[in-house]
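The values are calculated or read from the model by the stated rules, or taken from the named source; none is laboratory data. Here the structure is a predicted model, which means the values were calculated and not measured. Using ideal geometry, Cβ is built from the backbone for each residue, glycine included, and neighbour counts are taken over all protein chains shown. Heavy atoms of the whole protein, side chains included, go into the accessibility calculation; ligands, DNA and RNA do not. Shrake-Rupley method; radii C 1.70, N 1.55, O 1.52, S 1.80 Å.
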Amino acid sequence: MKQVSTKEFTLLIAMMMSIVAISIDAMLPALGLLHKDFVLSHPNQVQLVIMLIFAGMAIGQLIAGPMSDAKGRKPILYAGLALYLVGSVMCYQASNFDHLLIGRFIQGLGVAGPYVTAISVVRDKFSGSNMAQVMSLVMMIFILVPAIAPSLGQAILYVAHWRAIFLLYIGYAILIGFWIM
């Protein structure tokens, strides 16, 4: 097994945690387009796209946390990434708004795996001031993602349909999965 440097470890942990932020914030520029494409009856319905990923994540954390303690970090991390990918593909292929919402909820369930295991792995590997140092660097990167993600989503919208944002999510999850392997 290859030993990773603290810098690489910190960047990987930050990417695992930031999958949550990118999944929420890259979608923000597309909300108006979703409203138009799905011909929603109420303008606020589109906000469910954001709410359901949070709902899925809240429930997912209740499951992923104890399971990662019982079954190990990697199985829960991989299961979470797989579930996230399933949700992303469902969203990409959604034929109606309800299917999109189900996909977002599943994304939320899945994204809990990488998020919970990232924090747990840092806690497992470091303690005291070393843990604080790694977590502060992770949080610094994590905080930048919500500032960058809407611009990334908007850039995708300039060249592609809003569904392409889900291709970004799929690619991001695959990148993290291969990096972990």
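For region 167-181, just list the computed ³J(HN,Hα) in residue order, Karplus coefficients 6.51, -1.76 and 1.60, θ = phi - 60°, integers in Hz, with x standing in for Gly and Pro.
Per-residue couplings from phi come out as 5, 4, 4, 4, x, 5, 5, 5, 4, 4, x, 5, 5, 5, 5 Hz.
Enumerate lysine pairs in the chain that are 8 or more residues apart or on different chains, then count those whose Cα atoms are under 25 Å apart.
7
Between beta-carbons, use under 13 Å as the cut-off and find the net charge around Pro114, counting Lys and Arg +1, Asp and Glu -1.
+2
Note the full-extension length gain between Ala155 and Leu137 as 0.36 nm times their separation in residues minus their Cα-Cα distance, in nm to one decimal. Could you put the intermediate results ahead of the total?
Numbers: separation 18, 0.36 × 18 = 6.48 nm, distance 2.70 nm.
Gain on extension, Ala155 to Leu137, equals 3.8 nm.
If you roll a 1.4 Å probe over the heavy atoms of the protein chains, what accessible area per residue do you get for region 96-137, in Å²?
Spelled out: the 1.4 Å probe surface of region 96-137, per residue, equals 43 Å².
Expected output is a single nm value to one decimal: the length gained when fully extending between Leu144 and Ile180, i.e. 0.36 nm times separation in residues minus the C-alpha distance. What is it?
10.8 nm
For Cα pairs less than 8 Å apart in space and 6+ apart in sequence, what is the mean separation divided by the residue count of the chain, i.e. the relative contact order in percent? Walk me through the numbers on the way to the answer.
Numbers: 237 pairs, mean separation 63.1, N = 181.
For the chain, the relative contact order is 35 percent.
What does the C-alpha gyration tensor say about the overall shape of the chain? Classify as rounded when a/c is under 1.5, otherwise prolate if a/b is larger than b/c, or oblate.
In terms of gyration-tensor shape, prolate.
Measure off, as a whole percent, the carbon and sulfur share of the 1.4 Å-probe accessible area of the chain, all protein chains present.
70 percent
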